[in-house]
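Take a look at the structure set out below.
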Amino acid sequence: MTEMVHGSMPAHVGEPVLSRWWRTVDRWTISSVLLLVGVGLLLALASSPPLAARNHQAPFHYFERHAIFAAMSVAIMLFISMRSPETVRRWAVLGFGVGILTLMALPFIGSDFGKGATRWLSLGFTSIQPSEFVKPCLAVTAAWLLAAGQDLNGPPGRLLSLGITLSTVGLLVIQPDFGQSVLVLFGWGAMYFVSGASMVVILALAGAAVTGGFVAYNTSEHFARRIDAFLSSELDARSQLGYATSAIQEGGLWGMGVGEGQVKWQLPDAHTDFVIAVAAEEYGFLLVAFIITLYAVICLRALTRLTRERDPFIRLAGTGLVAMVSAQAMINMGVAVRLLPAKGMTLPFISQGGSSLLAMGVMVGMLLALTRTRPQGEIGDLLQTRGR
């Protein structure tokens with residue numbers, strides 16, 4: 001009877017931790033992440049020398065930094081993936097609390113590094129973008145509240161999760177960082193939908209988001225300038241989008257060849273926001289298609305495992321995390337091909353940037369920990385038992 005209710009996969013008594021982890025973790029996702037990191041290193045070799053020349057550094061200074069942060073990201077991902085869902089939840093709640101306090105302090109102690117947005121906390125030897133680390137912690141914390149709200153006599157989880165999400169968005173808008181705000185709202189919306197929200201509520205939230213965008217357009221010159229550039233029928237060939245579009249067109253199917261691309265010399269953000277343009281110009285559409293496939297594997301593998309999960313907290317948290325990873329990749333590539341307004345968002349595991357790489361390691365590590373196969377079984381086991 002125990003096996004019938006809790007699943008047919010028994011726990012191996014005395015099994016080593018690494019062996020149990022390897023048997024239960026999604027190896028397809030790990031492989032896809034490692035391949036993305038490898039592509040990121042390859043593109044960093046191409047985009048780092050121009051960046052180093054502009055900043056009077058050694059030719060491979062930024063590549064070496066990228067390699068160090070990439071290795072740290074993978075290590076963090078693997079370490080977190082070995083934790084239990086309870087540990088992930090506790091760490092996320094603690095991390096969210098610290099992150100919110102840091103976001104509140106940014107207007108007073110933060111730096112903008114000449115980019116017009118106070119998003120970074122300077123530590124002297126390096127800088128941190130707190131919003132990157134808040135995203136995964138918020139997803140797990142909001143999922144915990146949503147799941148708790150489904151319990152009999154539980155707290156008003158939906159209201160509380162909405163409250164902490166809107167509070168986070170408000171702090172991001174102050175910076176301003178509209179791209180991360182959209183990403184946070186999308187992740188929470190995906191969790192809210194999976195938790196059983198009515199279409200009326202979802203449409204109301206969508207209407208509120210549109211209203212917020214209209215207000216931002218009329219009150220923020222930074223936001224309005226990007227929207228106007230996106231909606232303009234003419235594309236300035238000397239703008240970042242113009243250079244990126246030209247690079248993608250020049251690359252064609254096979255690319256111009258390793259080291260032959262020119263966009264990396266013309267774009268100041270070729271190593272971050274427009275790294276996909278570097279990939280398309282030098283390696284062609286085939287590499288871009290390969291990158292898209294890897295993100296699709298991560299997304300579909302996670303969703304497939306989550307559909308079989310019985311624990312509502314794990315289902316919701318996993319949904320929020322995979323939604324944020326997938327949306328960030330789509331937004332970055334959508335901006336490069338002018339399907340979306342410029343957002344200033346990195347490509348997960350590929351773009352350079354210490355905060356982005358480390359935070360993405362945290363995010364996917366949490367996702368791997370939550371989607372590990374556990375002895376308690378899957379939701380299908382429970383449904384079959386109830387039907388007998």
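Overview of results
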{"quantity": "Residue satisfying all of: in segment 221-265; under 25 Å from the mean Cα position of the chain (by Cα) and either polar (S, T, N, Q) or assigned to a loop (DSSP other than H, G, I, E, B) (or both); modelled with the highest pLDDT among these", "calculated": "THR245"}
{"quantity": "Selection from segment 75-106 of residues that are polar (S, T, N, Q) and either in contact with a His (Cβ under 6 Å, 6 or more places away or on another chain) or part of a helix (DSSP H, G or I) (or both)", "calculated": "SER81, THR87, THR102"}
{"quantity": "Matching residues, segment 55-74, being touching a Gly at 6+ places or on another chain (Cβ under 8 Å) and either free of Cβ contacts under 8 Å to residues at least 12 places away in the same chain or not polar (S, T, N, Q) (or both)", "calculated": "ARG65, HIS66, PHE69, ALA70, MET72, VAL74"}
{"quantity": "Number of the exception - PHE79 against (1) more than 30 Å from LYS264 (Cβ to Cβ); (2) loosely packed, with under 14 Cβ neighbours inside 10 Å; (3) without any contact (Cβ under 8 Å) to a residue 24 or more places away in the chain", "calculated": "(3)"}
{"quantity": "Matching residues, segment 289-325, being buried (at least 19 other Cβ atoms within 10 Å of the Cβ) and free of Cβ contacts under 8 Å to residues at least 24 places away in the same chain", "calculated": "none"}
{"quantity": "Enumeration of residues in segment 1-27 that are exposed (fewer than 14 other Cβ atoms within 10 Å of the Cβ) and modelled with pLDDT of 90 or more", "calculated": "TRP22, ARG23, ARG27"}
{"quantity": "Residue in segment 170-192 that is surrounded by fewer than 16 Cβ atoms within 10 Å (Cβ to Cβ), part of a helix (DSSP H, G or I) and modelled with pLDDT of 90 or more present", "calculated": "yes"}
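The values are calculated or read from the model by the stated rules, or taken from the named source; none is laboratory data. Nothing here was measured: the structure is a model prediction, and the numbers come from that model. Every residue, glycine among them, receives a Cβ derived from its backbone with ideal geometry; neighbour counts consider all protein chains shown.
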